[in-house]
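Data block below; observations after.
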């Protein structure tokens, strides 16, 4: 059985840890309120952007454009959004597992990592990770950051270095539910289930572009890619704060349970020590008498 000194030392250590986890929970809660409101208010715009672009491209007919046909024989790019810090439960590992256990083969991928945790883990597991300075984006993502990432990806796409662009992030459903999501951005994948129902007359009519198809798509598609990347960033940061709040809440509760158990052990050890001292005193008195 551990001595009273050891039990007290361990209890003090856990109490210090509990103070840290409690403070981190409070910080994450405050951040979550801000990022949650941002994610929920912006979601309708990005949903509309996705549905509108898919609707437009589903009625383009036989338009030939690199954004619709693919970028050649290059690798498939995956923009992986994770956090720069740990202590967020399974937030980071769930995104990595989705990529590793998905249908995309490791040798065909080039990872564009936003966030240190995903970049370090995937590099350690043998994935090709493109050199970039995108980690700081997760500290305070802005639309300008999404535009910079979009321009970099589209440049590599047009040069044939990558043939597809995928987006891996965590979708914020609610405070306790965060869904790892893999979305193909380019070539634009037209899924009838994702496009809102249209009337028969409008669905049969082909889209008319002015001044021409190429110039219109050159304007529409980059905005579409930028918007979805930015939407994923704010969804991811809301999910990160919610996951960290839950993890710190669980850690605080576990620390409380451990402190209660150690307090019980300490009291038992103290009671045993007092009993032993009394026994020795009584034995000594009897020996003298």
Mean separation of Cα pairs under 8 Å and 6+ residues apart, divided by the residue count of the chain: what relative contact order is that in percent? 33
Bridge orientation stat for the range 43-244 from DSSP, antiparallel percent rounded to 5, came to 40
Packing-wise, with mean Cβ within 10 Å as the measure, how do 34-47, 157-170 rank, highest first? 157-170, 34-47
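Determine the calculated [θ] at 222 nm for the chain from helices alone, applying -39500 (n - 2.57) to every DSSP H run no shorter than 4 residues and normalising by the residue count; nearest 500 deg cm²/dmol.
Values: 7 runs with 174 residues, N = 289.
After summing the helix terms and dividing by the residues of the chain, the value is -21500 deg cm²/dmol.
Under 20 °C and 1.002 mPa s, how fast does the chain diffuse according to Stokes-Einstein, given a Kirkwood radius computed over C-alpha pairs? Answer in µm²/s, whole number. Mind dumping the intermediate values first?
Numbers: Rh = 22.5 Å.
Translational D for this selection: 95 µm²/s.
Values quoted throughout were computed directly from the atomic coordinates according to the rules given, and no laboratory measurement underlies them. For clarity, every value in this text was computed on a predicted model and none was experimentally measured. FYI the Cβ positions are ideal-geometry reconstructions off the backbone, even for glycines, and counts take in every protein chain you see.
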